[in-house]
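Encoded as C-alpha coordinates, the structure appears first; notes follow it.
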Amino acid sequence: MLAFRLAMMLLGLLLGYCAGGILAASGMPDTARLNTVSLMLAAMLTGLLLAPRAEKYVLKQYAVAKAWYETLAPAKVAAATFGLIVALLLSVLLGNLLRALPIYSWWLNVGVTMLLAAFFITFAVRNADAFGALTFAQVKLKPGGKILDSNVIIDGRILDLAKIGFIDGELIVPAFVLRELQTLSDHADPQKRTRGKRGLSVLEDLREVHPIRIEDWDDANLLTTDDKLIRLARETGAKLLTNDGNLSKIAKLHDIRVLSIHEAAVALKPQVQAGDYLTITVTKSGQQSGQGVGYLEDGTMVVVEDGLKFRGKPTRVAVVNNVQTNVGRMIFAKPEREEGAA
(Lines give C-alpha, C1' and ligand atoms only; values in the text may rest on other atoms or scores of the structure.)
Protein backbone atom coordinates (compact mmCIF):
# COMPACT_ATOMS: atom_id res chain seq x y z
CA MET A 1 0.00 0.00 0.00
CA LEU A 2 1.65 3.21 -1.25
CA ALA A 3 0.04 5.46 1.36
CA PHE A 4 1.31 3.29 4.23
CA ARG A 5 4.87 3.30 2.85
CA LEU A 6 4.81 7.06 2.41
CA ALA A 7 3.60 7.40 6.00
CA MET A 8 6.47 5.20 7.20
CA MET A 9 8.96 7.34 5.28
CA LEU A 10 7.52 10.54 6.75
CA LEU A 11 7.68 9.00 10.21
CA GLY A 12 11.32 8.16 9.58
CA LEU A 13 12.05 11.73 8.52
CA LEU A 14 10.40 13.05 11.68
CA LEU A 15 12.31 10.67 13.94
CA GLY A 16 15.57 11.52 12.15
CA TYR A 17 14.92 15.20 12.59
CA CYS A 18 14.22 14.76 16.32
CA ALA A 19 17.33 12.61 16.76
CA GLY A 20 19.39 15.25 14.92
CA GLY A 21 18.09 17.95 17.24
CA ILE A 22 19.00 15.92 20.31
CA LEU A 23 22.45 15.18 18.90
CA ALA A 24 23.01 18.88 18.07
CA ALA A 25 22.21 19.89 21.62
CA SER A 26 24.86 17.57 23.04
CA GLY A 27 27.48 17.63 20.27
CA MET A 28 29.34 20.04 18.04
CA PRO A 29 27.09 22.64 16.40
CA ASP A 30 29.31 22.84 13.30
CA THR A 31 28.19 19.44 12.05
CA ALA A 32 24.65 19.57 13.47
CA ARG A 33 22.95 20.29 10.14
CA LEU A 34 24.87 17.56 8.30
CA ASN A 35 24.14 15.06 11.09
CA THR A 36 20.46 15.96 11.05
CA VAL A 37 20.16 15.49 7.28
CA SER A 38 22.05 12.20 7.45
CA LEU A 39 19.86 10.90 10.25
CA MET A 40 16.70 11.95 8.41
CA LEU A 41 17.79 10.14 5.23
CA ALA A 42 18.85 7.04 7.17
CA ALA A 43 15.58 6.96 9.11
CA MET A 44 13.55 7.48 5.92
CA LEU A 45 15.27 4.58 4.15
CA THR A 46 14.86 2.43 7.25
CA GLY A 47 11.15 3.22 7.25
CA LEU A 48 10.95 2.26 3.57
CA LEU A 49 12.68 -1.08 4.26
CA LEU A 50 10.52 -1.86 7.27
CA ALA A 51 7.27 -0.78 5.57
CA PRO A 52 6.37 -4.23 4.06
CA ARG A 53 6.75 -6.04 7.40
CA ALA A 54 4.99 -3.26 9.29
CA GLU A 55 2.19 -3.26 6.71
CA LYS A 56 1.57 -6.99 7.17
CA TYR A 57 1.49 -6.58 10.93
CA VAL A 58 -0.88 -3.60 10.79
CA LEU A 59 -3.24 -5.36 8.35
CA LYS A 60 -3.27 -8.45 10.55
CA GLN A 61 -4.10 -6.41 13.64
CA TYR A 62 -6.74 -4.53 11.67
CA ALA A 63 -8.38 -7.81 10.63
CA VAL A 64 -8.39 -8.97 14.26
CA ALA A 65 -9.89 -5.68 15.42
CA LYS A 66 -12.50 -5.77 12.66
CA ALA A 67 -13.51 -9.34 13.55
CA TRP A 68 -13.80 -8.35 17.22
CA TYR A 69 -15.83 -5.27 16.31
CA GLU A 70 -18.27 -7.29 14.19
CA THR A 71 -18.94 -9.66 17.11
CA LEU A 72 -19.95 -6.83 19.46
CA ALA A 73 -23.55 -7.04 20.57
CA PRO A 74 -25.50 -3.76 20.77
CA ALA A 75 -26.59 -4.55 24.33
CA LYS A 76 -22.98 -4.99 25.48
CA VAL A 77 -21.90 -1.72 23.87
CA ALA A 78 -24.79 0.10 25.54
CA ALA A 79 -23.94 -1.50 28.88
CA ALA A 80 -20.24 -0.58 28.62
CA THR A 81 -21.11 3.01 27.70
CA PHE A 82 -23.50 3.29 30.64
CA GLY A 83 -20.86 1.88 33.01
CA LEU A 84 -18.26 4.37 31.75
CA ILE A 85 -20.66 7.29 32.24
CA VAL A 86 -21.37 6.24 35.85
CA ALA A 87 -17.62 5.84 36.51
CA LEU A 88 -16.84 9.33 35.15
CA LEU A 89 -19.61 10.95 37.19
CA LEU A 90 -18.43 9.29 40.41
CA SER A 91 -14.81 10.19 39.67
CA VAL A 92 -15.79 13.87 39.41
CA LEU A 93 -17.57 13.73 42.76
CA LEU A 94 -14.73 11.85 44.46
CA GLY A 95 -12.17 14.19 42.89
CA ASN A 96 -13.67 17.14 44.72
CA LEU A 97 -13.41 15.23 48.03
CA LEU A 98 -9.85 14.03 47.37
CA ARG A 99 -8.60 17.58 46.80
CA ALA A 100 -8.98 18.18 50.55
CA LEU A 101 -6.40 15.48 51.33
CA PRO A 102 -2.76 16.52 51.76
CA ILE A 103 -1.58 13.64 49.58
CA TYR A 104 -3.80 14.63 46.64
CA SER A 105 -2.24 14.72 43.17
CA TRP A 106 -3.56 14.39 39.62
CA TRP A 107 -2.36 10.78 39.28
CA LEU A 108 -4.46 9.81 42.32
CA ASN A 109 -7.56 11.13 40.56
CA VAL A 110 -6.63 9.23 37.39
CA GLY A 111 -6.12 6.00 39.35
CA VAL A 112 -9.49 6.33 41.06
CA THR A 113 -11.18 6.97 37.70
CA MET A 114 -9.57 3.87 36.16
CA LEU A 115 -10.63 1.69 39.09
CA LEU A 116 -14.20 2.96 38.91
CA ALA A 117 -14.29 2.48 35.12
CA ALA A 118 -12.94 -1.08 35.38
CA PHE A 119 -15.52 -2.00 38.01
CA PHE A 120 -18.62 -0.44 36.46
CA ILE A 121 -17.84 -1.39 32.86
CA THR A 122 -17.15 -5.02 33.84
CA PHE A 123 -20.27 -5.18 35.99
CA ALA A 124 -22.45 -3.61 33.28
CA VAL A 125 -21.16 -5.91 30.51
CA ARG A 126 -21.80 -9.00 32.66
CA ASN A 127 -25.40 -7.83 33.04
CA ALA A 128 -25.79 -6.60 29.46
CA ASP A 129 -29.24 -8.13 29.10
CA ALA A 130 -30.61 -5.49 31.46
CA PHE A 131 -29.56 -2.76 28.99
CA GLY A 132 -31.40 -4.17 25.96
CA ALA A 133 -33.95 -1.35 26.15
CA LEU A 134 -31.20 1.18 25.41
CA THR A 135 -30.38 -0.34 22.02
CA PHE A 136 -32.17 -0.10 18.70
CA ALA A 137 -34.18 -3.09 17.55
CA GLN A 138 -31.97 -5.31 15.43
CA VAL A 139 -33.17 -7.59 12.67
CA LYS A 140 -31.95 -11.10 13.37
CA LEU A 141 -30.90 -13.05 10.32
CA LYS A 142 -29.45 -16.48 9.78
CA PRO A 143 -26.50 -16.80 7.37
CA GLY A 144 -27.57 -17.21 3.76
CA GLY A 145 -30.87 -15.35 4.16
CA LYS A 146 -32.70 -14.20 1.04
CA ILE A 147 -35.27 -11.42 0.97
CA LEU A 148 -38.14 -11.94 -1.48
CA ASP A 149 -39.89 -9.10 -3.25
CA SER A 150 -43.40 -9.21 -4.70
CA ASN A 151 -42.23 -9.72 -8.31
CA VAL A 152 -40.31 -12.91 -7.64
CA ILE A 153 -43.19 -14.26 -5.53
CA ILE A 154 -45.81 -13.60 -8.21
CA ASP A 155 -43.45 -15.05 -10.83
CA GLY A 156 -43.83 -18.43 -9.10
CA ARG A 157 -40.71 -20.15 -10.42
CA ILE A 158 -39.14 -19.94 -6.96
CA LEU A 159 -41.64 -22.59 -5.87
CA ASP A 160 -40.32 -25.06 -8.45
CA LEU A 161 -36.73 -24.32 -7.43
CA ALA A 162 -37.59 -24.88 -3.78
CA LYS A 163 -39.28 -28.21 -4.55
CA ILE A 164 -36.11 -29.60 -6.13
CA GLY A 165 -33.95 -28.27 -3.27
CA PHE A 166 -32.19 -25.63 -5.36
CA ILE A 167 -33.00 -22.85 -2.87
CA ASP A 168 -31.06 -22.94 0.40
CA GLY A 169 -30.90 -20.64 3.40
CA GLU A 170 -33.71 -18.74 5.02
CA LEU A 171 -36.39 -17.14 2.85
CA ILE A 172 -37.56 -13.82 4.29
CA VAL A 173 -40.79 -12.12 3.32
CA PRO A 174 -40.97 -8.57 4.72
CA ALA A 175 -44.31 -7.57 6.20
CA PHE A 176 -44.60 -4.62 3.80
CA VAL A 177 -44.29 -7.01 0.83
CA LEU A 178 -47.04 -9.16 2.31
CA ARG A 179 -49.22 -6.07 2.68
CA GLU A 180 -48.49 -5.14 -0.94
CA LEU A 181 -49.68 -8.57 -2.11
CA GLN A 182 -52.80 -8.22 0.02
CA THR A 183 -53.50 -4.80 -1.46
CA LEU A 184 -53.15 -6.22 -4.97
CA SER A 185 -55.46 -9.14 -4.20
CA ASP A 186 -58.17 -6.66 -3.08
CA HIS A 187 -57.64 -4.28 -6.02
CA ALA A 188 -60.52 -3.29 -8.29
CA ASP A 189 -58.44 -4.02 -11.40
CA PRO A 190 -58.98 -7.73 -12.29
CA GLN A 191 -55.43 -8.13 -13.61
CA LYS A 192 -53.84 -6.73 -10.45
CA ARG A 193 -56.23 -8.74 -8.31
CA THR A 194 -55.20 -11.92 -10.11
CA ARG A 195 -51.50 -11.13 -9.58
CA GLY A 196 -52.03 -10.51 -5.88
CA LYS A 197 -53.96 -13.72 -5.36
CA ARG A 198 -51.32 -15.67 -7.27
CA GLY A 199 -48.59 -14.24 -5.04
CA LEU A 200 -50.43 -15.22 -1.85
CA SER A 201 -51.08 -18.70 -3.27
CA VAL A 202 -47.39 -19.14 -4.13
CA LEU A 203 -46.43 -18.19 -0.56
CA GLU A 204 -48.85 -20.76 0.86
CA ASP A 205 -47.39 -23.51 -1.33
CA LEU A 206 -43.82 -22.33 -0.71
CA ARG A 207 -44.27 -22.54 3.05
CA GLU A 208 -44.99 -26.27 2.73
CA VAL A 209 -41.70 -27.05 0.95
CA HIS A 210 -39.31 -24.48 2.46
CA PRO A 211 -39.18 -22.49 5.72
CA ILE A 212 -40.38 -18.91 5.38
CA ARG A 213 -40.01 -16.14 7.95
CA ILE A 214 -42.21 -13.06 7.93
CA GLU A 215 -39.99 -10.14 8.97
CA ASP A 216 -42.09 -7.52 10.76
CA TRP A 217 -39.80 -4.63 9.82
CA ASP A 218 -40.73 -1.31 8.34
CA ASP A 219 -39.45 2.24 8.04
CA ALA A 220 -42.08 4.98 7.90
CA ASN A 221 -39.52 7.43 6.47
CA LEU A 222 -39.21 5.36 3.27
CA LEU A 223 -42.12 5.75 0.89
CA THR A 224 -41.49 3.06 -1.75
CA THR A 225 -41.24 -0.68 -1.37
CA ASP A 226 -37.97 -0.75 -3.32
CA ASP A 227 -36.32 1.66 -0.88
CA LYS A 228 -37.48 -0.46 2.05
CA LEU A 229 -36.12 -3.64 0.45
CA ILE A 230 -32.72 -2.04 -0.12
CA ARG A 231 -32.57 -0.69 3.45
CA LEU A 232 -33.56 -4.07 4.94
CA ALA A 233 -30.98 -5.89 2.81
CA ARG A 234 -28.26 -3.43 3.83
CA GLU A 235 -29.05 -3.69 7.53
CA THR A 236 -29.24 -7.48 7.58
CA GLY A 237 -26.61 -8.37 4.98
CA ALA A 238 -29.12 -10.66 3.25
CA LYS A 239 -29.28 -11.24 -0.48
CA LEU A 240 -32.15 -9.75 -2.46
CA LEU A 241 -34.13 -12.24 -4.55
CA THR A 242 -35.97 -10.31 -7.27
CA ASN A 243 -36.91 -10.27 -10.94
CA ASP A 244 -37.24 -6.49 -11.08
CA GLY A 245 -34.49 -5.23 -13.38
CA ASN A 246 -34.50 -1.64 -12.11
CA LEU A 247 -34.49 -2.72 -8.46
CA SER A 248 -31.62 -5.08 -9.24
CA LYS A 249 -29.52 -2.26 -10.73
CA ILE A 250 -30.17 0.10 -7.80
CA ALA A 251 -29.43 -2.65 -5.25
CA LYS A 252 -26.11 -3.46 -6.92
CA LEU A 253 -25.13 0.21 -6.70
CA HIS A 254 -25.62 -0.14 -2.94
CA ASP A 255 -23.28 -3.18 -2.92
CA ILE A 256 -26.17 -5.57 -2.22
CA ARG A 257 -25.94 -9.08 -3.64
CA VAL A 258 -28.89 -9.68 -5.97
CA LEU A 259 -30.24 -13.04 -7.14
CA SER A 260 -32.51 -12.96 -10.19
CA ILE A 261 -34.35 -16.09 -11.33
CA HIS A 262 -34.89 -14.44 -14.71
CA GLU A 263 -31.16 -13.81 -15.18
CA ALA A 264 -30.46 -17.38 -14.09
CA ALA A 265 -32.91 -18.70 -16.68
CA VAL A 266 -31.24 -16.61 -19.40
CA ALA A 267 -27.81 -17.85 -18.34
CA LEU A 268 -28.99 -21.48 -18.42
CA LYS A 269 -30.77 -21.32 -21.78
CA PRO A 270 -29.44 -23.78 -24.38
CA GLN A 271 -26.45 -22.49 -26.27
CA VAL A 272 -27.64 -24.28 -29.40
CA GLN A 273 -30.99 -23.24 -30.91
CA ALA A 274 -33.04 -24.54 -33.82
CA GLY A 275 -31.55 -23.31 -37.09
CA ASP A 276 -27.96 -23.22 -35.82
CA TYR A 277 -25.25 -25.20 -37.61
CA LEU A 278 -22.81 -27.60 -36.01
CA THR A 279 -19.90 -29.68 -37.23
CA ILE A 280 -19.83 -33.11 -35.62
CA THR A 281 -18.47 -36.56 -36.30
CA VAL A 282 -21.04 -39.37 -36.37
CA THR A 283 -19.66 -42.21 -34.27
CA LYS A 284 -22.48 -44.76 -34.14
CA SER A 285 -25.94 -45.61 -35.36
CA GLY A 286 -29.14 -44.42 -33.71
CA GLN A 287 -32.28 -46.27 -32.70
CA GLN A 288 -34.03 -45.72 -35.99
CA SER A 289 -32.85 -46.83 -39.40
CA GLY A 290 -30.29 -44.52 -40.96
CA GLN A 291 -29.89 -42.36 -37.88
CA GLY A 292 -26.39 -41.36 -36.83
CA VAL A 293 -25.27 -40.26 -33.39
CA GLY A 294 -22.43 -37.91 -32.53
CA TYR A 295 -21.40 -35.94 -29.46
CA LEU A 296 -20.41 -32.38 -28.74
CA GLU A 297 -17.31 -31.56 -26.68
CA ASP A 298 -19.42 -31.31 -23.50
CA GLY A 299 -20.91 -34.76 -24.09
CA THR A 300 -24.27 -33.62 -25.47
CA MET A 301 -25.77 -36.26 -27.77
CA VAL A 302 -26.59 -35.16 -31.33
CA VAL A 303 -28.98 -37.39 -33.28
CA VAL A 304 -28.59 -36.83 -37.04
CA GLU A 305 -31.40 -37.91 -39.32
CA ASP A 306 -30.01 -40.06 -42.19
CA GLY A 307 -26.56 -39.37 -40.77
CA LEU A 308 -25.25 -42.91 -40.51
CA LYS A 309 -23.81 -42.69 -44.02
CA PHE A 310 -21.46 -39.96 -42.75
CA ARG A 311 -20.07 -42.17 -40.01
CA GLY A 312 -16.49 -41.32 -39.11
CA LYS A 313 -16.48 -38.07 -41.11
CA PRO A 314 -16.81 -34.49 -39.83
CA THR A 315 -20.25 -33.40 -41.02
CA ARG A 316 -21.98 -30.05 -40.93
CA VAL A 317 -25.53 -30.42 -39.67
CA ALA A 318 -28.47 -28.06 -39.05
CA VAL A 319 -30.16 -28.16 -35.65
CA VAL A 320 -33.85 -29.05 -35.87
CA ASN A 321 -34.77 -29.35 -32.19
CA ASN A 322 -33.19 -29.11 -28.74
CA VAL A 323 -34.77 -31.29 -26.05
CA GLN A 324 -34.02 -31.29 -22.32
CA THR A 325 -34.56 -34.73 -20.78
CA ASN A 326 -34.14 -36.13 -17.27
CA VAL A 327 -30.76 -37.58 -18.20
CA GLY A 328 -29.46 -34.55 -20.08
CA ARG A 329 -29.84 -32.54 -23.25
CA MET A 330 -30.38 -34.05 -26.72
CA ILE A 331 -30.06 -32.28 -30.06
CA PHE A 332 -31.82 -33.45 -33.20
CA ALA A 333 -30.35 -32.39 -36.53
CA LYS A 334 -30.06 -33.30 -40.19
CA PRO A 335 -27.25 -32.91 -42.70
CA GLU A 336 -26.76 -29.45 -44.16
CA ARG A 337 -27.31 -30.55 -47.75
CA GLU A 338 -30.69 -32.02 -46.93
CA GLU A 339 -31.57 -28.87 -44.96
CA GLY A 340 -30.71 -26.74 -48.00
CA ALA A 341 -32.68 -29.02 -50.31
CA ALA A 342 -35.70 -28.84 -48.05
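The values are calculated or read from the model by the stated rules, or taken from the named source; none is laboratory data. Keep in mind that what you see is a predicted model, and the values were worked out from it rather than measured. Note: ideal-geometry Cβ built from the backbone for every residue, glycine included; neighbour counts use all protein chains shown. Heads up: the accessible areas ignore ligands, DNA and RNA and are worked out on the full protein's heavy atoms, side chains in. Shrake-Rupley method; radii C 1.70, N 1.55, O 1.52, S 1.80 Å.
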>> Suppose a student asked you for the relative contact order of segment 144-194, using Cα pairs under 8 Å spaced at least 6 residues apart; what percent would you report?
In response: 39
> Just how much of residue 248 is accessible, in Å², when a 1.4 Å probe is used and the result is rounded to the nearest 10?
Replying inline: 10
>> Between 0 and 90 degrees, rounded to the nearest ten: what's the tilt of helix 175-185 against the longest Cα principal axis of the chain?
In response: 30
> Relative contact order of the chain: what whole-number percent is it, with Cα pairs under 8 angstrom and at least 6 residues apart?
Replying inline: 10
> Roughly how tilted is helix 190-209, in degrees to the nearest 10 and between 0 and 90, from the longest Cα axis of the chain?
Replying inline: 80
> Between the helical axis of 32-70 and the dominant principal axis of the chain, each derived from Cα atoms, what acute angle in degrees is found, rounded to the nearest 10?
Replying inline: 60
>> If I model a spin label as a point 7 Å beyond the Cα along the Cα-Cβ vector, how far apart are those points for residue 2 and residue 103 in nm?
In response: 5.9
> Which one of 243, 233, 203 has its Cα pushed farthest toward the positive end of the charge dipole of segment 153-249, where Lys and Arg give +1 and Asp and Glu give -1 at the Cβ?
Replying inline: 243
> Hey, what's the chain come to in accessible area per residue, 1.4 Å probe, Å²?
Replying inline: 66
> Within the chain, what percent of beta bridges assigned by DSSP are antiparallel, to the nearest 5?
Replying inline: 55
>> What is the percent carbon and sulfur in the accessible area of the chain, measuring with a 1.4 Å probe over the protein chains and ignoring ligands?
In response: 61
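May I ask you to rank 192, 163 by accessible area, largest first, using a 1.4 Å probe over the protein chains only? Before the final figure, lay out the partial values.
Details: 192 90, 163 125 Å².
Listed by decreasing accessible area, they come as 163, 192.
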> For segment 153-262, with only Lys/Arg (+1) and Asp/Glu (-1) charged at the beta-carbon, what is the dipole magnitude about the Cα centre, in debye rounded to 20?
Replying inline: 300
> Farthest toward the dipole's positive end in the chain, which of 328, 296, 107, given Cβ charges of +1 (Lys, Arg) and -1 (Asp, Glu) about the Cα centre?
Replying inline: 107
> When we measure straight from the Cα of residue 313, which aspartates and glutamates land under 17 angstrom away, once same-chain ones fewer than 8 places off are left out?
Replying inline: 297, 305, 336, 338
>> Loop only by DSSP, 15 or fewer other Cβ within 10 Å of the Cβ. Give me the chymotrypsin sites (Phe, Trp or Tyr not before Pro) in segment 141-242 that pass, ordered by residue number.
In response: 166
>> I need the phi-derived Karplus couplings for segment 292-304: 6.51 cos²θ - 1.76 cosθ + 1.60, θ = phi - 60°, integer Hz, Gly and Pro marked x.
In response: x, 10, x, 9, 7, 4, 8, x, 5, 7, 10, 9, 10
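Can you flag which of 56/228; 192/228; 192/249; 192/239 are past 29 Å Cα-Cα?
Values: 56/228 40 Å; 192/228 22 Å; 192/249 25 Å; 192/239 27 Å.
From the list (56/228; 192/228; 192/249; 192/239), the Cα-Cα distance tops 29 Å for 56/228.
Rounded to the nearest 500, what is the 222 nm mean residue ellipticity of the chain from helices alone, with -39500 (n - 2.57) per DSSP H run of 4+ residues and division by all residues?
Theoretical 222 nm ellipticity from helices: -18000 deg cm²/dmol.
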> Using a Gaussian network for the chain with springs between C-alpha atoms less than 10 Å apart, which of these wobbles most: 33, 234, 198?
Replying inline: 33
>> Given the whole protein assembly as supplied and a 1.4 Å probe, what does the accessible area of residue 4 come to in Å², nearest 10?
In response: 40
>> Let's see if you can work this out: charge +1 on each Lys and Arg Cβ, -1 on each Asp and Glu Cβ, no other charges. What is the dipole magnitude of segment 217-305 about its Cα centre, in debye to the nearest 20?
In response: 120
> Quick one: what Rg and Dmax do you get for segment 214-308 from the alpha carbons, in Å?
Replying inline: 23.9, 71
> Under a point-charge model restricted to the Cβ atoms of Lys and Arg (+1) and Asp and Glu (-1), what is the dipole moment magnitude of the chain relative to its Cα centre, in debye to the nearest 20?
Replying inline: 740
